[in-house]
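Trainee: Starting off with a structure, shown below.
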Amino acid sequence: LNVNNAEFIRSAAKAADFPRDRLPQVVFAGRSNVGKSSVINRLLNRKNFARVGSAPGKTTHINYFLIDKKLYLVDLPGYGYAKVSQAEKARWGRLIESWFADTSLMTLGILIVDSRHKPTADDCTMARWFQESGRPYAVVANKLDKLKKSEIEPNLQRIRETLEMGEDGIVIPFSAEKGEGRGELLALIVAHLEE
Ligand code: GTP
Ligand code: MG
């Protein structure tokens with residue numbers, strides 16, 4: 001997979017805008033500010049391809065990036081941003097629901113959480129969306145560079161337990177900042193392309 005060949009395709013605000021050309025779709029979900037865009041940039045070895053650090057909660061669309069003309073990376077809008085209105089939250093819910101309504105679109109789901117914290121109730125809800133989709137999914141525990149060495153194992157364990165991942169669940173320790181976990185995540189994505 002040539003990750004240097006990456007193009008922004010579109011920003012979808014409704015189901016009619018979702019690409020349905022049968023290319024695999026790898027979807028990234030997570031709380032606002034958890035580093036979804038940074039993880040995508042790290043995967044692609046780009047600095048600001050998916051836009052980072054702009055005002056949280058502003059991304060209200062589903063962004064599609066086409067990689068090597070072989071698969072889409074799908075950047076879902078972040079959730080859990082406190083300053084968003086009820087109307088915006090409802091809009092988010094409907095958009096995500098319409099995306100998950102057709103889970104045949106999803107090849108692999110990636111839930112990004114903050115490795116420092118216990119996953120939130122919203123993270124658990126998102127994990128359930130993925131579980132109920134019946135499609136493969138994995139968790140990326142981002143911002144690993146912010147942990148002390150001694151915190152890593154207990155924190156990863158807490159993430160597993162809180163998200164009810166079970167023995168076989170995949171949790172990838174990741175640092176978008178330092179690059180840790182990039183190889184493992186890329187390998188996981190590539191493995192699902194060949195199915
Ligand atoms: P929204 O698009 O608002 O939902 O946010 P996002 O999830 O896309 O987060 P984004 O990639 O914009 O990153 C948010 C902030 O976290 C930025 O300041 C990043 O530089 C920082 N950040 C992301 N990943 C890491 C990481 O692995 N380590 C550290 N130290 N900072 C990170
Ligand atoms: Mg983002």
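Trainee: Conditions first: (1) touching an Asp or Glu at 6+ places or on another chain (Cβ under 6 Å); (2) of a type in the set (G, A, S); (3) surrounded by fewer than 21 Cβ atoms within 10 Å (Cβ to Cβ). S175 passes all but one, so which condition is the exception?
Mentor: (3)
Trainee: If you don't mind, there's one more thing I want to ask. Looking at E97 and the list (1) within 16 Å of ligand 1 (Cβ to nearest atom); (2) within 16 Å of R135 (Cα to Cα), which single condition is not satisfied?
Mentor: All conditions are met except number (1).
Trainee: Additional query: Read through the list (1) within 12 Å of ligand 1 (Cβ to nearest atom); (2) among the acidic types (D, E); (3) without any contact (Cβ under 8 Å) to a residue 24 or more places away in the chain, then give the number of the only condition that D75 fails.
Mentor: (3)
Trainee: State yes or no: is K36 within 25 Å of A101 (Cα to Cα), more than 12 Å from ligand 1 (Cβ to nearest atom) and touching a residue at least 24 places away in the same chain (Cβ under 8 Å)?
Mentor: Considered against the rule, which asks whether it is within 25 Å of A101 (Cα to Cα), more than 12 Å from ligand 1 (Cβ to nearest atom) and touching a residue at least 24 places away in the same chain (Cβ under 8 Å), K36 comes out as no.
Trainee: Any residue at all in the stretch 49-72 that is part of a helix (DSSP H, G or I) and without any contact (Cβ under 8 Å) to a residue 60 or more places away in the chain?
Mentor: no
Trainee: Same structure, new question: Is it the case that some residue within the stretch 145-160 is modelled with pLDDT of 95 or more and under 30 Å from A15 (Cα atoms)?
Mentor: no
Trainee: Continuing with this model, one more query. Mind listing just one residue for me: the one in the stretch 150-170 that is of a type in the set (D, E, K, R) and more than 19 Å from P136 (Cα to Cα) and, of those, surrounded by the fewest Cβ atoms within 10 Å (Cβ to Cβ)?
Mentor: E153
Trainee: Of the residues that sit in the stretch 31-47 and are more than 10 Å from ligand 2 (Cβ to nearest atom) and either outside any loop (DSSP other than H, G, I, E, B) or in contact with a helix residue (DSSP H, G or I) (Cβ under 8 Å, 6 or more places away or on another chain) (or both), which one is nearest to L111 (Cα to Cα)?
Mentor: Here the answer is R31.
Trainee: Name the residue that is nearest to the chain's Cα centre (by Cα), counting only residues in the stretch 93-132 that are within 22 Å of L186 (Cβ to Cβ), not aliphatic (A, V, I, L, M) and not in a strand (DSSP E or B).
Mentor: Applying the filter and picking the extreme gives F130.
The values are calculated or read from the model by the stated rules, or taken from the named source; none is laboratory data. Bear in mind the structure is a predicted one, so any value in this text is a computation, not a measurement. Methodologically, a virtual Cβ is constructed for each residue, glycine included, from the backbone with ideal geometry; neighbour enumeration extends over all protein chains shown.
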